[in-house]
1. Can you tell me the length gained on complete extension of the stretch residue 184 to residue 372, counting 0.36 nm per residue apart and subtracting the Cα distance?
2. Counting other beta carbons within 10 Å of each Cβ, put 92, 129, 119, 372 in order, fewest first.
3. Does segment 108-164 come out rounded, prolate or oblate, given a ≥ b ≥ c as the square roots of the eigenvalues of its C-alpha gyration tensor, rounded meaning a/c under 1.5 and, failing that, prolate meaning a/b above b/c?
4. With 10 angstrom as the radius, rank 17, 286 by how many other C-beta atoms surround their C-beta, starting from the fewest.
5. Let me know the shape class of segment 13-79, please: from the alpha-carbon gyration tensor, a ≥ b ≥ c as square roots of the eigenvalues, rounded when a/c is under 1.5, otherwise prolate if a/b is greater than b/c, or oblate.
6. Helix-only mean residue ellipticity at 222 nm, the chain, DSSP H runs n ≥ 4 weighted -39,500 (n - 2.57), per residue, nearest 500. What is it?
7. Within the chain, what percent of beta bridges assigned by DSSP are antiparallel, to the nearest 5?
8. Angle between the Cα long axis of helix 133-144 and the longest principal axis of the chain, 0 to 90 degrees, nearest 10?
């Protein structure tokens, strides 16, 4: 494979798809290369036992302004606009209404103090010996995947301020929706990892296992872990961009799925958190869309435990926690079904980006074009909707516009 193209897109996740859609009707030669054998990146709907399960991105956050909602409808996907049940504690199990109110108030107070946290460290906004510090840590780990000691308070607060309470999803799967959005008239090479990106006198040269690609410009949509890491050889000239990526590492977020093999134990579309005082607590989405499954969402410490101990231990821990809440009779009704491993996927390297203390500005640094030849996209580059697929979408559109403008200037 040896190609001469105008623009090459590195990565076919949400940002790469958005860039491809913007470039689809441009009178240019465009090629995308993706290391994985599928499109979607950190959005992936897997079919397990006949059920569509989102192993990655699942919710269309800030739904009213989320471009994936309108695009999904155009593509024929059903969009469930019911209120998310995240703040439900089913039957108040293990978490009384009074405790829920106190925990929510503690989280709100912590959130309000984040922007002014000493040293921009989210942990320093916690009250000393706060009764609900464990709850705050658990909730923040679902959002960021990070321990609070390593999290920028200003960055977290910026996302919190931009987000709204409308969160949609699709019964067919968000990953399936995102994958279906790839424009058929843009050339795509799957299972084609890039080995090296080099600067040439007139543009960019990519080396892949399948051959070389020369282009006038490249849109880089890889994760911050890949950009900062060594799986691709990058030009020395983009050291500042790689440093920005290092300051925006990927958090730990994983899921395990438990199959419900006996009827009568659980109610459809319900939710609860395990031990609300435990910073490693799992959150449980029970029988989503009426399916016989429990989705266990793990963030921070609990996701790290899955990565280090394996899915059997994490599944056993989740079943123990559910048995403690629902009673021992639920044990034979549950069995491990599937688990994710984003942190072990070398093509990605984690969940979504968070900023280290003092690194909130790194998002803008990473989003800058390099020499009208390299244009950077991905959720980490979006100023307000980072960590989310709609932030990735906006960044892909932005990078495509920048690349088009740069090529137009070169051709004058």
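Since every read-out is calculated from the coordinates, none of them should be taken as a lab result. This one's a predicted model, so the numbers in the text were calculated from it and none came from an experiment. Virtual Cβ from ideal backbone geometry, glycine too; neighbours counted across all protein chains shown.
1. Numbers: separation 188, 0.36 × 188 = 67.68 nm, distance 2.68 nm.
Contour length minus the Cα-Cα distance gives 65.0 nm.
2. Working: 92 13, 129 6, 119 10, 372 16.
Neighbour counts put them in this order, fewest first: 129, 119, 92, 372.
3. On the way: a/c = 1.40, a/b = 1.20, b/c = 1.17.
It comes out rounded by the Cα gyration axes.
4. Working: 17 32, 286 24.
Ordered by Cβ neighbours within 10 Å, fewest first: 286, 17.
5. Working: a/c = 2.21, a/b = 1.32, b/c = 1.68.
Judged from the Cα gyration tensor, segment 13-79 comes out oblate (a/c at least 1.5, b/c at or above a/b).
6. On the way: 12 runs with 130 residues, N = 412.
One gets -9500 deg cm²/dmol as the mean residue ellipticity at 222 nm.
7. On the way: 40 of 60 bridges.
Around 65 percent of the beta bridges assigned by DSSP in the chain are antiparallel ones.
8. For helix 133-144, the angle is close to 30 degrees.
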